[in-house]
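The values are calculated or read from the model by the stated rules, or taken from the named source; none is laboratory data. Just so you know, these numbers come straight off a predicted model, no measurement behind them. Here Cβ is always computed from backbone atoms with ideal geometry, including for glycine, and neighbour counts include all displayed protein chains. Only protein heavy atoms, including side chains, enter the accessible area calculation; ligands, DNA and RNA are left aside. Shrake-Rupley method; radii C 1.70, N 1.55, O 1.52, S 1.80 Å.
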Amino acid sequence: MPELPEVETIKIGLSKLLPGKRVSGVWHDWAKSFPNAEEDVRQFLIGAKIVVVARRAKVLLIELDSKYSLVIHLKMTGQLVFVAKGLAGSRSKIADNKAQKSLTTTYELPSTKDEVRFGAGHPTDSLVGNLPDKSTHVIFDFDDGSKLFFNDQRKFGWVRLLPKAEVPNIDFFKKVGPEPLGADFTAEQFRQRLLRRKNSNIKAVLLDQTIVAGVGNIYADESLWAAKIHPEALVRDVPKTKLNNLFIELQKILLLSIQKGGSTDKNYVDAEGKKGSYLSFASVFRREGLPCPRCGHTIMKTKVAGRGTHICPNCQRKSSK
Ligand SMILES: [Zn+2]
């Protein structure tokens, strides 16, 4: 599953590419990947112009001038590949490090290239190979000849076309908690939300999408380490100052990760096909057996809330207050 920073990174990339393009056609071959009524598609998608690309929790939202939105969940193996005009089927420049570097800073298409492709999601050969391929389940055509391919090997992901006003009412959004980086989300609100499950261990609560949106395993481990909180500590036993500190550390880590293009955990590369570099900055995640960057004790891997969990047993003491 992509985490918040990965989807945010994809959003940032596609935001530079899609707005202003008009949808001229759509193709799909798997109803569950594109569960939309033909009539709605004809009326509210075809001919509509993309206004903005947004994100809520781990879901990507492509808003259209028809007052409808495409709601995209990549799930386990979903992938979005944007291919610029006339380039479908051609080999991409993702492997071209020079092009990547210049894109990283400016997000501009290299003007001298006659083929440009931007891939986001599960890093299979489909990011760079001929498209469509057997993992392609939805294709959007734009009026300038460019295309957006939704590829999904395991077919758990989906693209739903919904009235913009109804998007907040779908089950997924009704249940999901506030954005941890939301401008109006405060440390006090964060603490109050965690305390809704005060008798649970703090890692399980951090991972609970109904409490706070988008925090997955990597960011839970990293922020708990940074705030010196044992992941098995019950929320009610963690002092207020430490919970406030956890909020600050979580925000810092998410922002750093977005800056670095998301984590490289398993499947995700960013909107330019570039792997995120956050994991190389991680202090504890996947660093079992290595010294804690803060105190030098050996990092351990355990299991908390059913998930592989990385801690420094010296910095994160269960009994410490
Ligand atoms: Zn330590």
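Mind ordering 299-306, 180-187, 250-257 by average Cβ neighbours within 10 Å, highest first?
250-257, 299-306, 180-187
Leaving out ligands, DNA and RNA, and with a 1.4 Å probe, what % of the accessible surface on segment 114-237 is carbon or sulfur?
Values: 2370 of 4950 Å².
Looking at segment 114-237 in its full context, I get 48 percent from C and S.
Provide the packing ranking of 204-216, 43-55, 163-175, i.e. peptides ordered by the mean count of other C-beta atoms within 10 Å per residue, highest first.
The most tightly packed comes first, giving 204-216, 43-55, 163-175.
What is the extension gain from VAL52 to ARG286, computed as 0.36 nm multiplied by their sequence separation minus the C-alpha to C-alpha distance, in nm to one decimal?
On the way: separation 234, 0.36 × 234 = 84.24 nm, distance 3.58 nm.
Going from the current span to full extension adds 80.7 nm.
Which whole-number percent gives the relative contact order of segment 115-155, counting Cα pairs below 8 Å spaced six or more residues apart?
29 percent
If only Cα atoms are counted, what is the Rg of segment 107-254, and what is its Dmax, in Å?
My reading of the Cα-based Rg and Dmax gives 20.4, 59 Å.
Quick one: length gained pulling ARG317 to THR298 fully straight, 0.36 nm per residue minus the C-alpha distance?
5.5 nm
No solvent, one uniform scatterer per C-alpha: report log10 I(q)/I(0) for segment 2-53 via the Debye equation at q = 0.12, 0.26, 0.28 1/Å, two decimals.
-0.37, -0.99, -1.00
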